[in-house]
Amino acid sequence: MRKVCLDAVYMLARRDPRVIFIGSDLGPGVLEGMKKEFPERYFMEGISEANVIGMAAGLAMDGFIPYVNTIATFITRRGFEQVALDICLHRLPVRLIGNGGGVVYAPLGPTHLAVDDFALMRVLPNMTVMAVSDADEMRRLMERSLDWPDPIYIRLAKGGDEVISKEDNGFAIGKAITMRSASTANPVLFVTTGVMTTNTLAAADALAAKGIDSTVLHFHTIKPLDIAALLAHVAGAKAIVTVEEHSRVGGFGSAIVEALTDNLTAFPPVKRLGLPDAFSKHYGTQNDLFEVNGLMPNQIAEATERLLNQL
Amino acid sequence: MPLDERSIYLRKLVVRGLAGGGRGHLGPAMSLIEILRVLYDDVLRFKPQNPAWKERDRCILSKGHGCLGLYAILADKNYFPLETLDTFCKRDSILGGHPEAGKIPGVEASTGSLGHGMSIGIGMALAARLEKRDSRVFVIVGDGEINEGSVWEAALSAGKHCLDNFTVLVDYNKIQASGPTKEIQDLEPLLDKWRSFGFATTEVGGHDASALRGTLASLPLVARKPNAVICHTTKGKGIPFAENNPDWHHKAKIGPNEVANMVIALDNYHA
């Protein structure tokens, strides 16, 4: 997914002279082609997120479209005020590409886990927040990123993630995609984002085998949230389950509940699956941390069954 | 350093804004006046009737709390009517306690939180280079402001990119909000710091319009190096009871009597 994303920056740079790439000490070999072909629009800066983000803002004020890339937790936390004031307050088309969103960097520990990035980015006015499910969907996002007028935060997943998105489903920033349609009138509604859509589709298959019907609504865009799609699917659902690779505080599930309470006086029971309000105590792999936190497909299915048993 | 008629006039515009809002950062605005005056009278290329003119020079007041000084010179240059100064900090005014781009014609970047202007200015200087424009970028920072680490991240970056179209002017009035910089966070040796970050450096009396003119006319100081101009200034310059007085860094509840005293002080200012 990262390769697709960065290669897309290069392709966009070929097409549009406004496109700039700025990395923050990303290691050797990143976008070598672009560096060679457009050295003047390729910046590999020091480990200085605040400066890099401010610099991107200055370039954008003069008409450029900077794509800034570094580790997700640093791009969101370290330069947060620069993101808020330099980029969002000025409403500039800067794109922040965060490597290793969620618990991708499991072995590196809590300093490198981006489990509050949705919360930090979605609270900022004017910011668009994206977490696509796979590399193919990333390609579609990058294509549309060029002309999006607002700043965008793009969360990258681990890479090599299973491809579940389909060209036929189309892609528009701010529009949710129905990945699985229920066949009955009173299904479970899963609302998901990022690679959790993949795990949830597997959970939905397992539940279907047990006669539990569900819809899976995928939000590659967390902000602006596609409230119309959410409300359209909520009607008739027997329960709503949100699934995210993020703290349950302030993230995607929170955004969904906010939208429900702001727009409806009554709605089905909601279960929010995600990470706890705690720093991770474990290392291992991304899947290890999914398992610790109940985000593997079988665990999503079990949590859903437990919810249904309570109704 | 005595102040001439123009310097006194611009300071009276600052007082006019202060009177309008009944509050404001007086000391930080007064130390800036000659820096802004020389920039806008003699150095910068700009068109008030077309603030977005691509070829203009960019000036960012990174110490945004000194905005009353910026508002005074922008009003004087007809970016907006002088009467707008009377609306300072009022509910629907364009002039807030920190300057906002997009709202105020002539303001290049919204500042107020310290340590942001240099990085934005570096982006603008790089943009000028990419577009082969000869626009220059001037960023005014405060001495308290350069306590911020982001300033030094930016300084490293300006040096790396050899931005001789980029100039940082340090309003070195030597008093920050809580007291003397010497006590709160000593900056010396300040010139050496900038030099070691890759800047060509010089220092100048920050209330000496003629000396400032000479210094800024000689930019770039060295080819392929960003410029740092340390301007030695006096906080509250022109209002003796506010000079070097941290109590006048920011004041609220400023009434008509205090305003009248400021005007009298300016009329009688000789030292």
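Laboratory data are not the source of any read-out in this text; all were calculated from the coordinates shown. Just so it is clear, the model here is predicted, and its values are computed rather than measured. A quick note on method: Cβ atoms are made from the backbone with ideal geometry, for glycine too, and the neighbour counts reach across all protein chains shown.
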Fill in: For the stretch B:1-130: rounded, prolate or oblate by the Cα gyration tensor [a/c cutoff 1.5]
prolate
Fill in: Karplus-derived 3J(HN,Hα), 6.51/-1.76/1.60, for each residue of the stretch A:200-207, Hz, glycine and proline x
6, 4, 5, 5, 5, 4, 4, 5
Worksheet item: Across every pair of different alpha-carbon atoms, what Kirkwood hydrodynamic radius in Å does the stretch A:167-310 reach?
Response: 15.3
Worksheet, complete the sentence: Per principal axis, largest first, the Cα atoms of the stretch B:147-271 extend in Å by 51, 31, 21
Worksheet item: In which sequence would A:Tyr67, A:Tyr10 go, from the one with the fewest C-beta neighbours within 10 Å to the one with the most?
Response: A:Tyr10, A:Tyr67
Fill in: Rounded to whole Hz, the Karplus (6.51, -1.76, 1.60) HN-Hα couplings of the stretch B:114-128, x for glycine and proline
7, x, 9, x, 5, 5, 4, x, 5, x, 5, 5, 5, 4, 4
Fill in: Convex hull per residue volume in Å³, alpha carbons only, for chain A
123
Practice prompt. Count the DSSP beta bridges whose two residues both fall in chain A, then state the antiparallel fraction as a percent rounded to the nearest 5.
Written response: 15
Item to complete: Taking every pair of alpha-carbon atoms in the stretch B:5-267, give the share separated by more than 23 Å as a whole percent.
Response: 47
Worksheet item: By a straight-distance test (C-alpha under 27 Å), which lysines pair with B:Lys103 as possible cross-link partners, with residues fewer than eight away in the same chain excluded?
Response: A:Lys223, B:Lys12, B:Lys47, B:Lys54, B:Lys63, B:Lys77, B:Lys90, B:Lys251, B:Lys253
Discussion item. Show me, bin by bin at 10 Å from 0, the whole-percent P(r) of the stretch A:2-155 based on Cα pairs.
Written reply: 12, 45, 38, 6, 0
Worksheet item: If you count the DSSP beta bridges with both ends in the protein assembly as shown, what percent of them are antiparallel, to the nearest 5?
Response: 15
Response to the item:
Neighbour-count ranking for A:Glu244, A:Glu305 (other C-beta within 10 angstrom, fewest to most) reads A:Glu305, A:Glu244
Item to complete: Could you give the spread of the C-alpha atoms of the stretch A:84-181 along their three principal axes, from largest to smallest, in whole angstroms?
Response: 39, 36, 22
Item to complete: Determine, for A:Asp16, A:Asp136, the number of other Cβ atoms within 10 Å of each Cβ, and report the residues in order from fewest to most.
Response: A:Asp16, A:Asp136
Worksheet item: Fully extended, how many nm does the chain gain between A:Ala232 and A:Ala266 (0.36 nm per residue separation, minus their Cα-Cα distance)?
Response: 10.8 nm
Item to complete: With a ≥ b ≥ c taken as the square roots of the eigenvalues of the C-alpha gyration tensor of the stretch A:60-141, please select rounded if a/c is under 1.5 and otherwise prolate if a/b is larger than b/c or oblate if it is not?
Response: oblate
Item to complete: Largest first and to the nearest Å, give the Cα extent of the stretch B:127-187 along each principal axis.
Response: 44, 18, 13
Worksheet entry | For the protein assembly as shown, the fraction of alpha-carbon pairs in successive 10 Å shells from zero, as % | 3, 17, 24, 20, 16, 12, 6, 2, 0, 0
Discussion item. To test your reading of the geometry: what angle, between 0 and 90 degrees and rounded to tens, separates the Cα axis of helix A:135-145 from the longest principal axis of chain A?
Written reply: 60
